[in-house]
Amino acid sequence: MGGKNKQRTKGNVRPSSSGRAADLLARESGVIPGFVGFGISTSNEPGYVPAVHGAEEIDHLVDADFRLVLRKLSKRDAVTKLKAVQEFGAMCQERESDIVKGVLPYWPRIYCKISLDHDRRVREATQQAFEQLILKVKRNLAPYLKGIMGHWIIAQCDTYSPAASAASVAFQTAFPLNKQPEALSFCKDEVLNVLQDNLLKETADTLSDPQSIPEEEREAKYMRLLTSSLLALKRLLVMIPQTDREALGEHLAHVLSQGKFWKYSKHKTPQVRGAFFEVVAALCELAPQLVEAEAARACSAVLLSIDDADPVVLPPLWEAVLHILSSIEDCWTHVNARKGVLPKLWVLLKEGGHGLATALHPNMLPFISKLPAEVTEPKLDFCRSFFTSIIQGLSSERAVASPSECAAIVFATMECLRFLLLQNAGEEPEQRAMQTVLISEQLLPLIDKSLGNPALQSGPLFLQITEMLVSWEKRTTGNDAKTFQRLLVDFWDGLGSLCVGYVDQEQTEQVALEGVASLLQIMQNPCKQVKRKKSVKICFSDQEAKGQGEDPPSGTPPTELSESQGKQDSSLRSSHLLELVCQLAELNMVYVCERNSERHLHFLALLLRAFPKPQVFQVLLKSEDGKPEQGLEAELGALTENPAVRFLLQRVVMWLRQDDRQGTDFLVDMVFSALHCCNSKGEQTLVLNHLTMSLKWGVILQIIQKACADAGYLEACRGWLKGSVLGERLVGLAGELCAFGLKGSPSLSSPLMSQNKSLIGKVYVEQIIERLHATLTEAKGMSDAGNMEPLVSFICDVASNFFSSVKGCLLLAAAEELVLTIFQLCALDQTLTHLSGWVKRPLLCGRLRVTEEIPGVELWKVKDMSRLPAHLCASAVLGKIIFIAVPADTQQEETDTSELPDLRHTVFTKIFAEILYALQWCEEMEHCPAMLAEYYKMLQDWNIAEKTHSNSSAKAGILETLFTSFYPLSEQSVCTIQVLCSSLTAAEREGLIALSIAELLNWQEKEQDCAHSRTCDCLSPCLSILSDLGKASAAELALPVEMMCFLCWLVDHSPTVLGSTHWDFLLCSMLAWLETASESSGAFWNPWVQQFVCANCELIVRLTDFFIALPAGVAEQLPSELSSEWQEFFVEGIHNLLLPLLVKIPGGLYEPLFPMAVVVAVGNALSYIPIQLLTQNKLPARFVADQNSSLPDALQTLLNTLGPLLLFKARPLQLAVYHMLHKIMPLLPESDRESATAKSEDEDEEEPCLSPPAAIMTILTATEELLENILGGVQVGGFAVVQPLSMEHCCILGYLLAWKLLLTFFKAAPSQLRVQYSLHLRKTRALHKLLLHLFRLMPENPALPGQPTEMASKDPKSFFTENLSLSLHQTEGLQCEVPHLACSVYYGALKDLPAMVRLWWNSQEKRVFSIVDKFTSKYVSSVLSLQEITSVQSSTQTFENMTVKARSATREVIATYSVDDIFIELVIQLPQNYPLGSISVESGRRVGVAVQQWRNWMLQLSTYLTNQNGSIMEGLSLWKNNVDKRFEGVEDCMICFSVIHGSNYSLPKKACRTCKKKFHSACLYKWFTSSNKSTCPLCRETFF
């Protein structure tokens, strides 16, 4: 370490002695330096603060906790540093500013070191902590700015974005935006010094210690520092004012003069090269004189790197290239353009920029515009090379695959071509040669290439060409008019030849013809192309800029039927385009007429769609004789002279009538193109009416479809659609289809009716509906329902479309009769459902309440419904009609309300009730088929209740119906009102209650005798059904259910109104009902019996809650003996019935409808069962042969009875059993205490082991093999997705619940028994298998789903931080239940069995070892450590002579033991991966203890904490007992040198007869077996 004989570094003039160095620095700067970690303070505090001159004065300025954190910041471990930085930030936030200021003298050195840390998390946390420091000290940071600023600006350019962002936030916190340049100017020299050192002096080996840091890590850190330093240099130049940049000129010139700086242009790391070019670009822009001084190096570094195609480098490189060309006038004198630059550029362009065209090609135009003549000579060769290369790039792999890459190349090509044409606009021979090269050799071949390439056709090429032509046309009136006129002629000649070449081929490709049509269409309407992403145009002169303003709006359809008012500025104005179109159309017609070319016919349709002009149609008619039929002249008149109409009637109609034609869609487009040439809407209607009578329905349908899809087309067809010709044909079609349907056609659906969109006349709608109704009326008498079903379906579809699109359609008489007939068919059709009787009255309300007889048990065993019940079908039809007929408030303004009937006096209110019944029925139907679930979703989407509330008349109608129709009340009326009330608002419910009360108050005036008899009728069924629920009718079961619901409400809201007799009636009835239910478990298949049991259990729960916590002031008003009677009699009676009832249910034959609702209700009630009733249960005795147990018979029976139910395939039953067993688990170890003690005393050999409850272990043994089969294919560390409520889910759930019970049992056992239980688990390898399964069931990221993003980042919640709710009622989120439960079990195992988990972890292979360590450290250790520390802090356990305290910030527990003159202090440090890692025990202060004894005690405490399966407090308790025994005179065991054994906690009892020394039995056994001797370990005599 001294290094006196080492060779001194060249130029090292500083003293090697640290003391002399401190003196020198103090003399030079006047500041006493501070070096963290070199303290020589004589105080007891560690030396981690500066301890040079005045150390005593400095120590007291730094808080003790800050000193501890600063010491940790110097550690090498990344996790330690990260925790320390986070803790430092928290302390800065929490402590007073005066305390935090004491850290400032030492912060610069610490910050400069850790801000460059290799771990990015540490760097980010450092900046966040720095922000907290700034917020606390504020202006007091100013004296230390110069020492920090250099690394601070580097941190703002960190390659890790979150760290850079955090540093920028801290900078903005310290300085407002307007003060930041001033702050940087203040420290500019110091910042540049740091950057200069980093760029010119530092290396990977000088930056990091080569002996302790791997080479890869050193290189990565150095590369990151270089990149950040270069970016920081740019940031410095940009932010400081010009005057300060000039002041730094000399310093910057020195940096630029160094060859090492320019070598960064060829650095192997792309990030460094990219940052370097950014600096060069900034220097060219902000300090060009400095770059000019180094012009040779700058030009070579930048221009010779022009082929660098790295994605990180290319954008800043080209920025630097353009700046070099602008800043250095003679830049090309320093490099050879022809050999060193341009060949590299051609290669780059031919490859399409290597996938970076969007970044590269926009620079091409500025680049070629800056090239001097000497570089581009000869110009023709330069242009040929440039455009050949750039166009070849369109064929590159990335350009073909990416539309954005292709578009960027096209834009650059056209921009450069237009620029060069403008530069060479003239009549000189050289200029004309250039023009020929650009148009004939480059542009036209590019167009030719695009016509066969769909990707280029859909790109911006055609639009760019159009814009170029528009620009040329505008210049034909300027100075170069002759040149641009000639250019236009040459271009159109070339383009015409090109297009004719494609059209004049019979076998030409369809894509080429479509390309020609697309090009011509865009030239005609350039504003119709999809808008380009580029929002900036490049204009080459003021004249062109004036002519190319904003793009015209693109809202009009492609084939507008009315001429626009003048042409847009961006459209072509010359006749060249139309002449070319006419030429192509005439040539194309030859192939269509003479050779029947289908592809040419498609091309013709495209041409006519883009150019619906009379001139084109005139050309197409050249081959016709021109004489229309005489009938047409009479019908159409002068229209026959219109060339477009003539072509339509003579050619298009003929093509449409061809029977063998497959597709006619494009021909329909020709129809609309011809209509475009009509002079008025009347003429268009005449033409369409003629076509309606002469064309097939399929073509007419296509015309209607296109009219509905396009606003322009629709305007042309509106008169035709409303007219009589189409309407009468539609009525006739409806009649034909209905007649066809009556013959039994399997397919009647026609999309025609769904396309009307309320376009046809109302009179024809009524006629169609009458025709549909007549057909249905005729169908009612048909006996073959199978033939009727498609007919009814078709008519319903058509009617529904009419009702939803035609206003007031439902008011038509025919519509009303049609709806009635549909309803009757749905209700009476026995083939659609076997449940047709249900349509008469609502089936269910509340929970399975009924109003008629039970259909039978066979009905409820139907699992797969292929069709909906009839009452649901009827509700669907009625619902579709009703909410269309009753518009929402938002629609009422557009509806003529005078036409609507008064809904309060119609049947609509009853229809609403029917829909609500259907909704309730579906909602409470458990395990419903898929079809029923889809139907329920449809009803929910209708949201009929909300639509009712939004309509005042409908709302009033329902209320009036309730008030007037359902009194006097009957059972059915009560059910109806209950269902409807759930859909009413609070105000409406209050109104209903008020009227109901008024009705009840007048009962004496109306039906006095009836009221008395009704009361008797209510009580008699209650008493008569107590014998057998299975034989009771639905009505008989409904009454007690309602009574139970009323009693529940009464107990919750008005218990004081009940007298002693009422309470007796309530409690006795409840118990009687329960007894009846327990005797009728065989009838649980019946849903009404299930509802009876559920209501009874709900009443039990309400009563239990009531008596557990009596409301304030209620107890005094209750009968005096009520509480004692409840506790002494009713509680026992209830649970003695419920517990056997729960056990009976799994043995019943209920498939496929298992009474899950009963299990949930009974299990919920049993959750209140007292422990005493569980331990003294009345279950039939159940014992297992060869089952060793010391438990009482009742407990053993309970375990043997309930244990197997943990694996039953019913989640609520599993959870109910778990909750009951969880209550008794803490009582079970007590039964093993005496037997285990006796066994331990008699056992002279191997350590005794004891099995946990055999019933639980049997479950584990039975499921381990099943889990291995289920999870065997999943690798440890993977995540097995378990389908909720599947067989696998129930198996895994039972297994994990059994382990939770076992962990509860283990936690309640005393230390001595834990040892024996854990030994048994170790021998059976049960825990080993569990942990392997858990790491297949726990997710990789156990974050709690559904957290808001902000909360998840600040205070993340996971399956380890949140308790698991094992609720019987839970139906949502079950997919997370098994992963959450697995995490809960793993957390419990780590907490209660840490030693065993640690032993398993250390025995695993490297991969599993690493997975477990990372997962536990990341998600569990922090939670478990915090709980351990918190439990120590909040512990009420006291020790004589020992005090225990904890530090949460440092994860330390400090135990102080003092007796007489002896004082011992031990510091227990929890590891980062607690409890997997070993707990370290460090020595504190000690007084009066020998060194050897002190070491023994430290070793003993470490052993206890490592080997015992318990908490830290339990380990400390064992250690204290050991020390106490030592002071009491009990000698140590001479094998383990401990009084209390480290694993079984026994005392030394086996004494040697010779030397009289005592040993632990376990230690002796291990000694004998390992040494193969039976001699005393101390005296070596034979041990007797």
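The values are calculated or read from the model by the stated rules, or taken from the named source; none is laboratory data. All figures in this text were calculated on a predicted structure; none of them were measured in a lab. Cβ placement follows ideal geometry from the backbone for every residue including glycine, while neighbour counts extend to all protein chains displayed. These accessible areas exclude ligands, DNA and RNA; they are computed on the full protein's heavy atoms, side chains included. Shrake-Rupley method; radii C 1.70, N 1.55, O 1.52, S 1.80 Å.
A few remarks follow.
- Using a probe radius of 1.4 angstrom, the carbon and sulfur fraction of the accessible surface of the range 381-443 is 50%.
- Dipole size of the range 211-291 about its Cα centre, with +1 on Lys/Arg Cβ and -1 on Asp/Glu Cβ: approximately 220 debye, rounded to the nearest 20.
- Here each label is just a point 7 Å from Cα along the line to Cβ, and for HIS118 and LYS350 those points are 4.4 nm apart.
- Accessible surface of the range 1084-1150 [probe 1.4 Å, protein heavy atoms]: carbon and sulfur percent: 56
- Fully extended contour minus Cα-Cα distance, from LYS260 to ALA1072, at 0.36 nm per residue: 282.5 nm
- A dipole drawn for the range 101-180 from +1 and -1 charges on Cβ atoms has a positive end, and of GLN127, ILE110, SER165 the residue lying farthest that way is ILE110.
- Difference of contour (0.36 nm per residue) and Cα-Cα distance, LYS1223 to MET1287: 20.4 nm
- For the range 1047-1061, Karplus couplings with θ = phi - 60° (6.51, -1.76, 1.60), whole Hz, Gly/Pro x: 5, 4, 4, 5, 5, 6, 10, 9, x, 6, 6, 7, x, 4, 5
- Histogram of C-alpha separations across the range 309-401, 10 Å bin width, %: 15, 49, 31, 4, 0
- Using the Cβ-Cβ distance between PHE1537 and GLU1581 with R0 set to 25 Å, the FRET efficiency from 1/(1 + (r/R0)^6) comes to roughly 0.75.
- Probing with 1.4 Å while keeping every protein chain in the model, the per residue accessible area of the range 1273-1427 equals 43 Å².
- Here the range 1279-1347 has 55 percent of its accessible surface on carbon and sulfur atoms, given a 1.4 Å probe and all protein chains in place.
- Expressed as a whole percent, the proportion of Cα-Cα pairs in the range 136-195 lying more than 19 Å apart is 26%.
- Positive-pole candidate from VAL375, LEU456, VAL489, dipole of the range 346-498, charges at beta carbon: LEU456
- If you take all other residues with their beta carbon under 15 Å from the beta carbon of ALA295, and give Lys and Arg +1 and Asp and Glu -1, the sum is -3.
- Using only side-chain charges placed at the Cβ, +1 for Lys and Arg and -1 for Asp and Glu, the dipole size of the range 642-742 relative to its Cα centre rounds to 180 debye.
- Annotation: per residue accessible area for the range 419-492 equals 37 Å², rounded to a whole number [probe 1.4 Å, protein chains only].
- Peptide ranges 693-706, 117-130, 397-410 listed from the most packed, as the mean C-beta count within 10 angstrom indicates: 117-130, 397-410, 693-706
- The residues of the range 130-205 have, on average, 43 Å² of accessible surface per residue, using a 1.4 Å probe with all protein chains present.
- Taking N as its residue count, the alpha carbon Rg of the range 1244-1344 over 2.2 N^0.38 Å: 1.19
- Dipole in debye (nearest 20) - the range 262-420, about Cα centre, beta carbon charges: Lys, Arg +1; Asp, Glu -1: 360
- Trypsin sites (Lys or Arg not before Pro) restricted to DSSP loop in the range 238-300 with at most 15 other C-beta within 10 Å: LYS268
- Length released on extending from LYS1445 to GLU397, taking residue separation times 0.36 nm less the Cα-Cα span: 370.4 nm
- Dipole of the range 1439-1559, positive end: most advanced residue of VAL1467, ALA1551, TRP1497 [Cβ charges, Cα centre]: ALA1551
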